[in-house]
Amino acid sequence: MINCDISIARKFIQDDEYLKARKKADTALDHLKNKTGPGSEWLGWRDLLADPNDAELEKIGSLGEEIRAKADVFIVCGIGGSYLGAKAVIDALSPHFGSNGPEILYAGHHIGGKYLEQLLNYLKQPKENGEPKRIYVNVISKSGSTLETALAFRMLRELLEEMYGEGASEHIICTTSKEGGLLNKLIEQKGYRKFIIPDNVGGRYSVLTPVGLLPIAVAGIDIRTLFYGAVSAYNSYEENAEDLLEYAALRNAIHESGKTIDVFATFEPELTSLGGWIQQLLGESEGKEGKGIFPTVATFSTDLHSIGQFIQQGKRSLMETFIIVEKPFSKLQVNKLEGNDDELNYLAGKSFHEINTKAREGTTEAHSEGDVPIVRVSLPALNEENIGQLIYFFELLTGIFVYSLEVNPFNQPGVEDYKKAMYRLLGK
Ligand code: PA5
């Protein structure tokens, strides 16, 4: 199970402040369990773990297999909650270089013309053997009308129609709401295959629905183990959510103390995208009504050579959450070098995991002495089960913490403002 250690950060908070925040966390958890808080119609991310739909997992898994067998390139076309969860899991559990399945690419997550143009050109280029690439697109949009996604999908669709003619619809899978939205109209017209995003699950809570699970399955990751990892976390926290209540209370007390930034930092580069998912989950949930701790992401030790200086000595407005993997994934070791001309023989025989662990322990010591409260969230190992557990851990933390701020964790009214201004400027 996920281990959450708040002991370092707890020293920064007085007992009475902590106890006040703890009461709020307890009330918040009751709201989640009894569906009595604002936005309780969006608690489907809990329901789907309480009552797993094995048939749906099976269906997604077998389409994932089919696409893995047929595709050279699989494009995840979505933005925000419609792609960040899939990317987080795929990056965490796939090799850094090379893969034995289709190349996974992303589109529709911004409006950068250079990126899209180069993507389209890349897709048009034949393979080394001269044959055209076999391309599959999964367009993911709950509303079915998000501009970034819709625009990229229009361009991709045109390309697929050019390449495969009538057969293009075989290469397109849509993940959207049951009804409504422009994407559903297209599905009807063109006969695309479709997966449904449950009405009661919001975008950033949807990684364990077809939104995240289909791309994750195409990447060759065992979605059943991932999903049931989350189910085990759900069952365990229904019994006893002490760790999460403590963490949420602490974060709330830190919020009250005036700290405004939480740096989600990992020493494992493959977890950087997971940080991006946590950032969206918390940021879009808590950042309302002038409240919230701004979640940001860092990869150490890389970023210790950039924002590390600020964290150590800049404005004291920060806390940190370290995402830690206990069991080494790699056994890579430092060899003893004849002559020791780079003077690194003092590390000979040590694994990179051991050296990285010392870097983390040293950073923990330095940053906490520099007045930065640190929370440590650890996975026993990097695998499907633990990542599934971690997903639910952060979803539940978000629900508890944001309800403790007396904010609705499940809407995002502020996101509409840029859209309104942009559409006006575009003459929509
Ligand atoms: O969490 C959310 O609800 C948002 O980040 C959405 O996922 C994002 O705006 C994309 O929306 P849609 O899936 O409707 O295209």
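Segment Lys70..Thr36, full-extension length gain: 7.6 nm, with 0.36 nm per residue of separation and the alpha-carbon distance subtracted.
More than 18 angstrom separation, counting every C-alpha pair in the stretch 200-283; what % is that?
62 percent
Roughly how compact is the chain, stated as its Cα Rg over 2.2 N^0.38 Å to two decimals? It would help to have the intermediate numbers written out before the result.
Numbers: Rg = 22.7 Å, N = 428, 2.2 N^0.38 = 22.0 Å.
Rounded to two decimals, the normalised Rg is 1.03.
Pairs exceeding 25 Å between alpha-carbon atoms, taken from Lys59/Lys178; Lys35/Lys259; Lys23/Lys358; Lys20/Lys288; Lys127/Lys178; Lys59/Lys327: Lys35/Lys259; Lys23/Lys358; Lys127/Lys178; Lys59/Lys327.
The listed peptides 411-419, 62-70, ordered by packing as a protection proxy, come out as 62-70, 411-419 (highest mean of other Cβ atoms within 10 Å first).
Just subtract the alpha-carbon distance of Glu188 and Asn129 from 0.36 nm times their residue separation and send over the number in nm, one decimal.
Values: separation 59, 0.36 × 59 = 21.24 nm, distance 3.62 nm.
Stretched fully, the Glu188-Asn129 segment lengthens by 17.6 nm.
Protection proxy ranking, highest mean first, for peptides 105-111, 346-352: 105-111, 346-352, where packing is the per-residue count of other beta-carbon atoms within 10 Å, averaged.
If you wrap a convex hull around the C-alpha atoms of the stretch 1-114 and split its volume per residue, what is the figure in Å³?
Details: hull volume 25.6 nm³, N = 114.
Measuring per residue, one finds 224 Å³ for the Cα hull of the stretch 1-114.
Look at the dipole of the chain built from charges on Cβ: of Thr299, Ser177, Gly258, the Cα furthest out on the positive end belongs to Ser177.
For the residues Cys174, Cys4, what sequence is obtained by ranking on other C-beta atoms within 10 Å, fewest first? Let's see the in-between values first.
On the way: Cys174 23, Cys4 18.
Least crowded to most crowded, the residues run Cys4, Cys174.
FRET efficiency for the Ser317 to Ser143 pair, using the beta carbon distance and R₀ = 51 Å, is estimated at 0.90. With a cut-off of 14 Å on the backbone N, no residue of the stretch 362-396 is near the modelled label site 7 Å out from Gln309 along Cα-Cβ.
Test of understanding: ordering Met1, Met422 by Cβ neighbours within 10 Å, fewest first, what list do you get? Write out the running numbers ahead of the final one.
Details: Met1 17, Met422 12.
Least to most surrounded, the residues fall as Met422, Met1.
Take peptides 359-368, 259-268 and line them up by average Cβ neighbours within 10 Å, highest first, as a rough protection proxy.
Working: 359-368: 15.9, 259-268: 21.4.
By packing density, highest mean first, the sequence is 259-268, 359-368.
Pairs of Cα atoms nearer than 8 Å and 6+ residues apart set the relative contact order; for the chain it is 25 percent. Residue-wise HN-Hα couplings along the stretch 324-329, as the Karplus relation 6.51 cos²θ - 1.76 cosθ + 1.60 with θ = phi - 60° gives them from phi, are 10, 10, 6, 8, x, 8 Hz; Gly and Pro carry x.
Counting other beta carbons within 10 Å of each Cβ, put Leu147, Leu271 in order, fewest first. Write out the running numbers ahead of the final one.
Numbers: Leu147 15, Leu271 26.
Ranked by crowding around the Cβ, least crowded first: Leu147, Leu271.
Among Leu49, Gly81, Ser62, which residue has its Cα furthest toward the positive end of the charge dipole of the stretch 34-83, with +1 on Lys/Arg Cβ and -1 on Asp/Glu Cβ? Sorting the options by dipole projection puts first Gly81.
Extending 7 Å from the Cα toward the beta-carbon at both Gln333 and Leu426 defines two label points whose distance is 5.7 nm.
Would you mind counting up the charge near Arg22? Only other residues with Cβ under 14 Å from its Cβ, with Lys and Arg at +1 and Asp and Glu at -1. Mind dumping the intermediate values first?
Working: positive: Arg10, Lys20, Lys23, Lys24, Arg251; negative: Asp15, Asp16, Glu17, Asp26, Asp30, Glu242, Asp243, Glu246, Glu256.
Around Arg22, the charge tally is -4.
Neighbours of Asn200, meaning other residues whose beta-carbon lies under 12 angstrom from its beta-carbon, give a summed charge of +1 when Lys and Arg score +1 and Asp and Glu score -1.
None of the figures in this text is laboratory data; all of them are computed from the coordinates on show. Computed from a predicted model, the values in this text were never measured in an experiment. So basically every Cβ, Gly included, is an ideal-geometry build from the backbone, and we count neighbours across all protein chains shown.
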